[in-house]
Amino acid sequence: MSAVTETVLFVFSLVALGYVAGWTRYLRAETGDALSEFAVGIAVPLLLFRTMVTADFHGAAPWALWSAYFVAVAATWTAGHLTMTRILGRDGAAGVVGGVAAAFSNTVLLGIPFMLGIFGQPGVEILSLIVSVHLPTMMAASIVLFGIFGRNGNQQLRPLVLIGQFLRKLFANPLIVGILLGLAWRFTGIPMPGLAMRLVDALAGIAGPLALFAMGLGLVKFGVSGNVTAALVLSGLKLFLMPAVALGMAWLLQLPPLTAKVAVATAALPSGINSYLIAVQFGTGQGLASNQMTIATASAVVTTSLWLWIAQIVFG
């Protein structure tokens, strides 16, 4: 068994352990919510804070990286939206949910520990460049598109309301706070005190396994019921179209090998809970988003290994 395959299996085994713990009712669903809240609210933000303070971003080519990744996002989002509205005959709001579900990678709960296991800290540093703009970009796009295609789409848009809503959500997000505080500390040039760094290291060190286990435990309450055909199609777009476009763009833009492989691997990740939360917020497509997230996560055990293998062949 190759080191990459073993790491992929290790990462998804932690997710599976969390799922089994919830499915057997050894742990309650509320436990998963609490663990996820701790992971997203404290442990992962501290990991991102430490990454911003200590990372070496030389050679990461952020603009080219962002271009490669978000072209893949735009292409997959468009395909998801058109599939829902033109092929499956759903309304515009369901189309937005379909686009979000197909294009919103699980960059935090799954992505960060995944990159750490496959590529080490340099991989997390490159991923953090995507994370820093990923959530704001996807949130902003969701808000705007729901304003256009949502149930109130015929009403006049109020740009100031949309901007205010976006900014409140953005700066209240602990992941964004962790990134911004880390960058602020980095710019001061002041070394972190030893005790503070030990505390950060201790909590950041458990972020990966905790996030994966909590994710698996949280999947229990979603399951798969209804909207299976649409969820399967959107999962196919997420796990095959998006990484294929990312790989093509990484090759076209001549990204450095590690940067290219991280971009492809990030695009190949299954959808995360944010797509479901966006559906809940706008009151449509919750079942579709939850089904697609569950199906894509289960399928990603195989597909992520495939795309890592392809990226290794293409980029070395």
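The values are calculated or read from the model by the stated rules, or taken from the named source; none is laboratory data. Just so it is clear, the model here is predicted, and its values are computed rather than measured. With ideal geometry, Cβ positions are generated from the backbone for all residues, glycine too; neighbour counts draw on all protein chains shown.
Summary table below
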quantity: Selected residue (criterion: nearest to the chain's Cα centre (by Cα)) from residues of segment 222-278 that are of a type in the set (Val, Ile, Thr) and more than 15 Å from Leu308 (Cβ to Cβ); calculated: Ile273
quantity: Residue check for Phe57: more than 26 Å from Ile143 (Cβ to Cβ) and at pLDDT below 90; calculated: yes
quantity: Any chance Thr85 is out of contact with any Ser or Thr (no Cβ under 8 Å at 6 or more places or on another chain), outside any strand (DSSP E or B) and surrounded by fewer than 23 Cβ atoms within 10 Å (Cβ to Cβ); calculated: yes
quantity: Looking only at segment 193-251, and only at residues there that are part of a loop (DSSP other than H, G, I, E, B) and at pLDDT 85 or above, the one that is nearest to Leu65 (Cα to Cα); calculated: Ile206
quantity: Qualifying residue in segment 36-49 (condition: surrounded by fewer than 20 Cβ atoms within 10 Å (Cβ to Cβ), over 30 Å from Glu6 (Cβ atoms) and out of contact with any strand residue (DSSP E or B) (no Cβ under 8 Å at 6 or more places or on another chain)); calculated: yes
quantity: So Phe114, is it modelled with pLDDT of 90 or more, aromatic (Phe, Trp, Tyr) and either within 14 Å of the chain's Cα centre (by Cα) or surrounded by fewer than 19 Cβ atoms within 10 Å (Cβ to Cβ) (or both); calculated: yes
quantity: Cβ pairs under 8 Å, 6+ apart, first in segment 102-118 and under 19 Å from Ala141 (Cβ atoms), second of a type in the set (Gly, Ala, Ser) and in a loop (DSSP other than H, G, I, E, B); calculated: Phe104/Gly272; Ser105/Gly272; Asn106/Gly272; Thr107/Gly272; Val108/Gly272
